[in-house]
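S.K.: Have a look at the structure that comes next, please.
Taken together, the values in this text are just the output of simple stated rules run on the coordinates, not laboratory data. Everything numeric here is computed off the predicted structure, so don't read it as measured data. Here the Cβ is made from the backbone with ideal geometry for all residues, glycine too, and neighbour counts use every protein chain on show.
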Amino acid sequence: MKIGMKAPTVRMPCLLNGKLNFLPLSEFQGNTLALCCVSSLTETEAWVLDAQVKQFQECGTVLAVFVSGDFAFEPTWIRSPYNFCLPLLADPLKRVSRALRLSRSLPPQRCETLFFDDQSRLQFRLIHDLNLRGISTVLDIAESEFCQRSSHRLDSACHSNSLQRESSIPALSTTEPHDSPGSSRSQTHQAPLHEGVTSS
């Protein structure tokens with residue numbers, strides 16, 4: 001999947017707040033999305049990521065996890081009132097994994113995070129460790145000017161629409177141009193290797 005392309009519209013299983021739904025990635029449109037893609041996921045790893053959700057929300061980004069390998073939501077993962085705030089997405093048919101063109105050679109301790117803007121267009125790819133240090137790197141990007149521009153475009157567009165309703169003067173477009181889907185420029189980046197964090 002090339003930079004500037006829109007997220008696939010395929011619906012897939014999503015566990016959120018103790019409920020299982022079928023959602024496409026476009027469900028998150030309107031927010032910057034940091035999609036952490038892993039080949040497998042343990043409940044401990046899911047809780048570690050869940051603890052970071054609020055920090056991402058504070059900078060206007062949704063943190064979600066996409067499991068590309070064989071994965072099933074265990075019944076023990078759903079126990080109210082201690083439910084995940086972290087959206088957990090599975091891909092049993094591998095259709096979304098193929099559309100996203102995820103790296104296939106990553107070890108279990110590594111993951112690939114895809115950043116989508118508020119229009120569900122892919123903007124950035126980052127390969128990093130699946131631990132607190134790696135997620136901190138993802139958060140740094142979410143807090144950076146790169147992602148803040150995405151939120152600013154949405155606010156500017158809403159303001160322009162409001163002015164357009166109140167005036168007969170057409171509003172100027174505030175949307176910045178994206179890379180064309182045919183662009184060959186690569187924006188996949190790798191964070192340095194670090195030792196994993198072991199939970200006691």
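S.K.: THR113: net charge of surrounding residues, Cβ under 13 Å, Lys/Arg +1, Asp/Glu -1, itself excluded?
M.R.: On the way: positive: ARG110, ARG125; negative: GLU112, ASP129, ASP140.
Residues near THR113 contribute -1 overall.
S.K.: Right, next: Hey, got the dipole for region 1-73? About the Cα centre, +1 on K and R Cβ, -1 on D and E Cβ, debye to the nearest 20?
M.R.: Numbers: 5 positive and 6 negative charges, 68 e Å.
Dipole size: approximately 320 debye.
S.K.: What is the calculated FRET efficiency for ARG11 to SER103, with r their C-beta to C-beta distance and R₀ = 25 Å, to the nearest 0.05?
M.R.: It comes out at approximately 0.55.
S.K.: Between LEU23 and GLN55, what is the spin-label point distance in nm, taking each point 7 Å from the Cα along the Cα→C-beta axis?
M.R.: Using points 7 Å along Cα→Cβ, the separation is 2.2 nm.
S.K.: Cα to Cα, under 24 Å, and not fewer than 8 places away if on the same chain: which lysines meet these conditions relative to LYS94?
M.R.: In chain and number order, the partners are LYS2, LYS6, LYS19.
S.K.: Arranged from highest to lowest average of other beta-carbon atoms within 10 Å per residue, in what order do the peptides 59-65, 96-102, 42-48 appear? Numbers along the way, then the final one.
M.R.: Numbers: 59-65: 22.1, 96-102: 17.9, 42-48: 14.6.
Ranked by mean Cβ neighbours within 10 Å, highest first: 59-65, 96-102, 42-48.
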